[in-house]
Amino acid sequence: MQMKVTGFTFIKDAVICDYPIVEALQSILPLCDEVIVAVGKSSDNTLELVRSIHPQKIKVIETVWDDNLREGGKVLALETDKAFHAVAADADWCFYIQADEIVHEDSLKAIQQSMLQWKDDKRIDGLLIDFIHFYGSYKYVADAYNWHRKEIRIVRNDKSIFSYKDSMGFRKGDNQKLQVKNSGGLIHHYSYVKTPKQMMNKAKAFHRLWHDDTWLEEKIGNATEYDFSGIDSLQKYAGTYPQVMQNRLANFKSDFNFDVSKSKMKLKYRIRKFLKEKLGISIGEYRNYKLI
């Protein structure tokens, strides 16, 4: 069965903010015939970096972010939509990846099989991928239930679909949730795996998309290093890492440590975790989709 898959994403200031955009794109290339990358005007060599990854498969569109949209991360959704709308009409599925998300190669076969299985079933708008969220270093993963466990990362090539809120998920038409199936895929989310200085660079850039200068001055000021100690609960990670991340793993230096026995998880999250692990019951989980 023939199938065309096009990846899409957006990026700006990847070097300054230490986004693993190279690894993110490399992780989906085996499944994609083409990848559209909306590269915002940057203060570093992000454009050249993206163009160097795979010139045959990666198509760059240059964009300018609207600095006036400093509320709710809306500009992130707009940049996502720019990339999505550049996907050619003959693509069956569109694979979305953010710049700090890496698809584990062990799940590529399952993802491909799911795309093939549901390609011609027009009831299915998209496919979910499971998430593991790393924090502070590659040793720890977040286990509180305010972190999303699944999200839509594969959508049908239907231009009534749009990026929702701050680009975390998707909706369609007049704000309808997408009807989805599980893909069997796994993403490692490395948003919080940086040195304190790198993390502060990213935090400042990120919060500028949500807040005005007064807020930034009050909350961040002249801080140069991010404080990782405010996290409530973590677990030691015992699994494997994507092959494309091996170089970053080898070169990352961190003094961050967390006593996993001293969880500060809120009671409501403790209850949810207990019910899920012991009884298989999910309560209060955020779902920006309809699983069918």
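Straight-line cross-link reach from K264 at under 14 Å between alpha-carbon atoms covers these aspartates and glutamates, not counting any fewer than eight positions away in the same chain: D143, D232. Ranking Y145, N182, S163 by Cα position along the charge dipole of region 100-197, where only Lys, Arg, Asp and Glu carry charges on their C-beta atoms, puts S163 farthest toward the positive end. The 3J(HN,Hα) values that the Karplus relation (6.51, -1.76, 1.60; θ = phi - 60°) gives for region 201-214 are, in residue order, 4, 5, 4, 5, 5, 5, 5, 5, 7, 10, 9, 7, 5, 4 Hz. Gly and Pro appear as x.
Computed from the C-beta positions of D120 and D212 and an R0 of 45 Å, the FRET efficiency is 0.40 to the nearest 0.05. Beta bridges from DSSP with both residues in the chain: antiparallel share about 45 percent, rounded to the nearest 5. Ranked for footprinting exposure by Cβ neighbours inside 10 Å, fewest first, K150, K194, K119 give K119, K150, K194.
Between D44 and R149, the C-beta separation translates, for a Förster distance of 45 Å, into a calculated FRET efficiency of about 0.85. Listed from fewest to most Cβ neighbours within 10 Å, the set F84, F170, F206, F228 follows the order F206, F228, F84, F170. The gain in end-to-end length when the A88 to K219 segment is fully stretched comes to 42.9 nm, 0.36 nm per residue minus the alpha carbon separation. Taking every alpha carbon pair in region 202-242, what does the distance histogram look like in 10 angstrom bins from 0, in percent? Reading the bins upward from 0: 21, 36, 25, 15, 2. Annotation for region 126-203 versus region 1-80: alpha-carbon center distance of 15 Å. I'd like the GluC sites (Glu not before Pro) in region 60-137 restricted to DSSP loop residues with at most 14 other Cβ atoms within 10 Å, sorted by number. Loop-located and lightly packed - E71. For K159, the amide hydrogen comes within under 5 Å of no other amide hydrogen, counting only partners 5 or more places away or on other chains and with H modelled in the peptide plane.
Charged side chains reduced to their Cβ positions (Lys and Arg at +1, Asp and Glu at -1) give the chain a dipole of some 1100 debye around its Cα centre. Applying D = kT/(6 pi eta Rh) to region 5-192, where Rh is the Kirkwood radius over alpha-carbon pairs, T corresponds to 37 °C and eta to 0.692 mPa s, the Stokes-Einstein value obtained is 196 µm²/s. Taking each of K82/K204; K109/K266; K122/K194; K57/K159; K181/K236; K74/K194 in turn, the alpha-carbon distance tops 32 angstrom for K109/K266; K122/K194. If both residues of a DSSP beta bridge must be in region 105-242, then about 65% of such bridges are antiparallel.
Each value in this text was obtained by applying a stated rule to the coordinates, not by laboratory testing. These numbers come from a predicted model, not from an experiment. Cβ: placed from backbone, ideal geometry, glycine included. Neighbour counts: every protein chain shown.
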